[in-house]
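In what follows, a structure is listed as structure tokens, so that the remarks can point back to it.
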Amino acid sequence: MSEENYPADLRYHREHDWVRMEGNVAVFGITWYAQDALGEVVYYDAPDVGATVAKDGAYGELESVKAVSDIYAPAAGEVVAVNDAVGARPELVNEDPYGEGWLIKVRLADPSELEELMDADAYRGYLAGLS
């Protein structure tokens, strides 16, 4: 498992998902906190390329040895890529949640939705309020 961290270049959703812009495409994944709470991830149920995801809506599932959890979209748009490496090796989500463990890439319907998300400092404060 990776060390706890929350990169400053990401935006964070209250359901413990992150988003990073790469050009005009948004990359989605789950936070260190989420993968730690799940435990060892053993299966990833991904959406299809071309599917539409809704802001705050579930777009897939991660199954761990502990539970099955929905994954929530921090913004709306069309799925343009799915990380097949995570499908083949779901433990990548635990090992590198912000790098090799990304989940989907999305062409955003409304990029301004990202402004509603938390920065790293706000997300750390949000986590502190959960405990």
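The values are calculated or read from the model by the stated rules, or taken from the named source; none is laboratory data. On a predicted model such as this, the values are computed, not experimentally measured, just so you know. Heads up, the Cβs are rebuilt from the backbone with ideal geometry, glycines too, and the neighbour counts pull from every protein chain shown. Remember, those area values only see protein heavy atoms, side chains included, never the ligands or the DNA or RNA. Shrake-Rupley method; radii C 1.70, N 1.55, O 1.52, S 1.80 Å.
Some values worked out for this structure:
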quantity	calculated
Heavy-atom SASA rank of Tyr72, Tyr98 (probe 1.4 Å, accessible area, largest first)	Tyr72, Tyr98
Accessible area of Ser64 in the full protein assembly, 1.4 Å probe (Å², nearest 10)	10
Rg in Å to one decimal, and Dmax rounded to a whole Å, for the chain via C-alpha atoms	13.4, 38
Low-density loop cleavage sites - trypsin sites (Lys or Arg not before Pro) in the range 63-108, where at most 13 other Cβ are within 10 Å (DSSP)	Lys66
Potential extension, Asp84-Leu130 segment - 0.36 nm per residue separation minus Cα distance	13.3 nm
Signed unit charges on C-beta, dipole axis of the chain, positive-most listed residue Val27, Leu114, His13	Leu114
Solvent-accessible heavy-atom area per residue, rounded to whole Å², over the chain at 1.4 Å	49
Diffusion constant of the range 29-104 at 37 °C, which comes from Stokes-Einstein with the Kirkwood Cα-pair radius and 0.692 mPa s, µm²/s	270
Apportionment of accessible area to carbon and sulfur, the chain, percent (1.4 Å)	46
Positive minus negative residues near Ser69 (Lys, Arg vs Asp, Glu; Cβ under 10 Å)	-3
Förster-model FRET efficiency, 22 Å R0, Val42 and Glu15, C-beta, rounded to 0.05	0.60
